[in-house]
Each structure stands twice: as structure tokens, then as C-alpha cells.
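The structure appears right after this line, and notes come after that.
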Amino acid sequence: MQDFFQRYFDKLDLTTILENLLTKVISLLILFLLFYIAKKMLHATVRKIVKPSLKFSNRDAGRQKTISRLLENVFNYILYFFLLYCILSILGLPVSSLLAGAGIAGVAIGMGAQGFLSDVINGFFILFERQLDVGDEVVLTNGPITVSGKVVSVGIRTTQLRGDDQALHFVPNRNITVVSNLSRTE
């Protein structure tokens, strides 16, 4: 048994292993630095280009905040996807095989993620129909459950309200069946 381990350690090339490890660590550090820079640039772009261009539109301030936050969230999800893809590539994992397997697993997960998909679809309808915007005073109802307050954020999956007691309520969009917008006069 000792002979086996001795032959195994003799065949190991520690310099190659350390070089590969060091290369991967440096590549990951550079990737994280580039990701950080890209994220800051993306947020600056939304702040400097998208927000001023929204001011020229005929949208009110709450709608402008809602659209800019939605764009920031979409860009963040895309950035995180690319970050994960690059990390897996640097680590040497077969990303194309993983994506093919993820497609098959996605069908199975999709069956269990019906609530999430319902949140996303309802979130799009809430945003596109302008049912509520950031800064609006609203009452959200789902059967006997009622949540009221000022809209802090409208996302694809959840809507956040700040109640009169200053509590922050996270309401899944699928649970919003009736929206009473007290800030609208039209």
C-alpha cells in the first residue's frame, strides 16, 4: 500500500498543479474586478442616460422610477448570468453540457416553479398596465388579506409597500388580485 502511494506522489507534477491553480485564481480575480466595473458602469449608464431620457417622456416621476429600477434589475440578472457562465468556464466545467442538462432539468423545475412564473407574468401586467407606480399610496387585496401603504418598489416578482407602521411589506405579485390606487385621480 505504501508503494502505491509513493508511486502516485512521484507521478504528481506539483508545479503544473500550482501553476494551474494560480492561473485560475488570478483569472477569477480579474473576472470579479471586471464584473464589479461592469456593474458600476451599468448603474451609471442607467442613472445618466435612461433616467434623463425618461424625464423627456410624458411619464410621471413614480413611473420613471419604476421603469429605471426594472431596467437595473434586468441588467443585473444578465450580468450575474454571464458571471456564472465565466466562472464555470474558468473552472473548466463543460458549460454546454451543463446548459443542455439544465434545459432538461428546467422542464422539471418549471413544473414546480409555477408560483414564480405566475409572479413574473402578473408583474409584467402590473407594470405595463400602470396599475401602480413607486410613490403611490395603494391598498392591495387578495381575498380577506389587505395590505396598504406607499409603494417602494415594483419588481417582476414582488411589490414592496411601506405601511403606516413603517414596516416593509413584500407582496408576491401573484397574490395581488385587487389594486386600489389612492394616488390616482383619473
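The values are calculated or read from the model by the stated rules, or taken from the named source; none is laboratory data. Fair warning: this is a prediction, and the values are worked out from it, not measured in the lab. Accessible surface areas use protein heavy atoms only, side chains included; no ligands, DNA or RNA. Shrake-Rupley method; radii C 1.70, N 1.55, O 1.52, S 1.80 Å.
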Average accessible surface area per residue within region 145-186, 1.4 Å rolling probe, Å²: 59 Å²
Candidate values [x] 10, 39, 36, 14, 2, 0; [y] 9, 33, 33, 10, 6, 5, 3, 1; [z] 8, 23, 24, 21, 12, 6, 5, 2, 0, label of the one derived for P(r) over Cα pairs in 10 Å bins from 0, in percent: [z]
Within the chain, helix-based [θ] at 222 nm, where runs of 4 or more DSSP H residues each add -39,500 (n - 2.57), nearest 500: -20000 deg cm²/dmol
Carbon and sulfur %, accessible surface of the chain computed with the full protein complex present, 1.4 Å: 66 percent
Mean-position separation - Cα centroids, region 101-163 and region 168-186, in angstrom: 10 Å
Helix 95-112 axis, angle to the chain major axis (alpha carbon atoms, nearest 10°): 40 degrees
Lysine pairs with alpha-carbon atoms under 20 Å apart, the chain, spacing 8 or more or separate chains: 10
Segment Val178-Ala108, extension gain: residue separation times 0.36 nm, minus the distance between their alpha carbons: 22.1 nm
Unit Cα scatterers, Debye sum, region 1-92: log10 I(q)/I(0) for q = 0.22, 0.23, 0.24 Å⁻¹: -1.03, -1.07, -1.12
